Amino acid sequence: MSATIDRTPHLDQAARERLAELLAEVAEDPRRISVLFPAVGRRVVRGPSNPADPDGLRSPRLEDEARTALLVTAAARLDRAALVREVGQLYRFGDADEKRAVLRALPDLDVADEGLPLVADALRTNDVRLVAAALGPYAAQHLDAAAWRQGVLKCLFVGVPLDAVAGLDERTDEELARMVADYGNERVAAGRSVPSDAWRILGRHPEAVDGRFPVPPQEA
């Protein structure tokens with residue numbers, strides 16, 4: 001139970017009791033997760049863990065926490081190959097909320113680099129929920145530098161707040177600053193405003209963008 005509480009800090013007692021029934025089913029037969037994972041919003045809980053973040057861009061929603069607990073329980077009964085298959089199927093056949101939950105659960109699962117195709121798929125979409133979830137702690141640890149930089153740019157393109165990007169300050173480098181400067185210049189040349197979040201990148205490496213981005217960014 002303590003492990004469940006650690007992964008579901010925002011669930012109330014009633015929701016935890018409902019979740020416990022599903023966890024018991026998955027512990028007995030991990031194949032049940034294919035049926036129970038989609039049902040979490042209906043059978044356990046649904047809603048934001050932070051009312052200021054209703055779409056779960058910066059933090060998991062309540063159903064994300066419950067679904068992570070289900071995946072962790074199934075993972076304890078599956079070998080890595082079976083777990084990777086199950087995670088892939090849950091993502092592939094899930095709706096956007098279920099895909100987001102899979103992405104948010106990746107840091108708690110022993111899938112090594114085999115979750116990267118799911119991250120790459122999410123970053124090809126324009127769904128802010130998926131892009132934000134894709135750039136969580138798993139991506140911060142496993143995405144290579146080039147793919148991670150492109151992911152940060154995608155956040156600026158689609159309007160994901162950079163607060164949602166795990167490891168942003170640690171991984172930001174001169175190359176990313178140059179890329180963001182070029183993006184900003186393209187926006188300015190097109191008569192469009194530049195998201196203020198861009199300056200969070202540019203300001204960390206002013207030497208990399210000196211002369212490349214002369215117009216101060218403005219809020220989009």
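Only the coordinates and a few stated rules stand behind these numbers; no lab work does. This is a predicted model, so every value here is computed, not measured. Cβ atoms come from the backbone with ideal geometry, glycine included; neighbour counts cover every protein chain shown.
Tell me the relative contact order for the stretch 94-176 as a rounded percent, counting alpha carbon contacts under 8 Å between residues six or more apart.
Details: 76 pairs, mean separation 23.3, N = 83.
Value for the stretch 94-176: 28 percent.
Rounded to the nearest 10 degrees, the angle from helix 145-158 to the longest Cα principal axis of the chain is 80 degrees.
Taking Cα centre as origin and charging only the Cβ of basic (Lys, Arg, +1) and acidic (Asp, Glu, -1) residues, the dipole magnitude of the stretch 95-216 rounds to 520 debye. Rg ratio for the chain: its Cα radius of gyration over 2.2 N^0.38 Å, N being its residue count, equals 1.12. Compactness of the stretch 2-129, taken as the C-alpha radius of gyration over 2.2 N^0.38 Å, stands at 0.98. Global dimensions of the stretch 91-220 from alpha-carbon coordinates: Rg and Dmax equal 15.2, 47 Å.
By the beta-carbon count within 10 Å of each Cβ, the least crowded to most crowded order of Leu162, Leu109, fewest first, is Leu162, Leu109.
Can you tell me how much longer the chain between Arg85 and Ala24 gets when fully stretched, taken as 0.36 nm per residue apart minus their C-alpha distance, in nm with one decimal? Please list the in-between numbers first.
Numbers: separation 61, 0.36 × 61 = 21.96 nm, distance 2.13 nm.
Gain in length upon complete extension: 19.8 nm.
The angle separating the long axis of helix 96-105 from the principal Cα axis of greatest extent in the chain is about 90 degrees.
Restricting to Cα pairs below 8 Å that are 6+ residues apart, what does the relative contact order work out to for the stretch 1-143? Please round to a whole percent. Mind showing how you got there, number by number?
On the way: 170 pairs, mean separation 30.9, N = 143.
Once normalised by length, the contact order is 22 percent.
Seen against the Cα atoms of the chain and their longest principal axis, helix 33-43 is set at about 80 degrees.
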